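Below is one structure, written out as structure tokens, with a few remarks after it.
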Amino acid sequence: MDSEKLILTKMAAILFNYTCIGPGIVRKEDRRFYSAEIICGLQYLYSIGIVHRDLKPDNILLDQEGHIKIADFGLAAYNMFGNKTARGRAGTRGYMAPEVLQMKKYNAAADWWSLGVIIYQMATHTLPFYGGQSAVNDEPTF
């Protein structure tokens, strides 16, 4: 049974990448829907003190009804309530907030940066910073 769940989970992750990040045009309505669902998921995580720290398309799944599921909490920070912050690099470089890249203290704002990158990627099919560009020093590519 566990191997069946793993296969279905992998298929769902591939579906999100293909549907939202891969080739083709993602309708504005779909981008809005997926973005809103990710926002709801993040708000829930923050309400229970979890900062994901590795939000990226590979860690977002679509269930059989087309709803978002945030996955892979291996790098998550827990008990992140109030003014508590984390430090250290965690996540995937293209989706990391500048404060994470600079090894500064950060909180849930780092996840919001990652969400912005995902939305940008859904709209343009590219990352805003790539090919040696840095979210710390460079302007995004349009």
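Bear in mind that the values in this text are calculations on the coordinates, not laboratory data. Because the structure is a prediction, the values reported are computed rather than measured. Every residue, glycine among them, receives a Cβ derived from its backbone with ideal geometry; neighbour counts consider all protein chains shown.
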Please find the FRET efficiency linking V136 to D58, where r is the Cβ-Cβ separation and R0 is fixed at 25 Å, and quote it to the nearest 0.05.
-> 0.60
Stretch gain in nm, segment I48-M103, where the contour uses 0.36 nm per residue and the Cα spacing is subtracted = 17.3 nm
Those residues of the stretch 37-73 whose amide nitrogen sits under 19 Å from the label point placed on T124, 7 Å along Cα→Cβ | 56-58
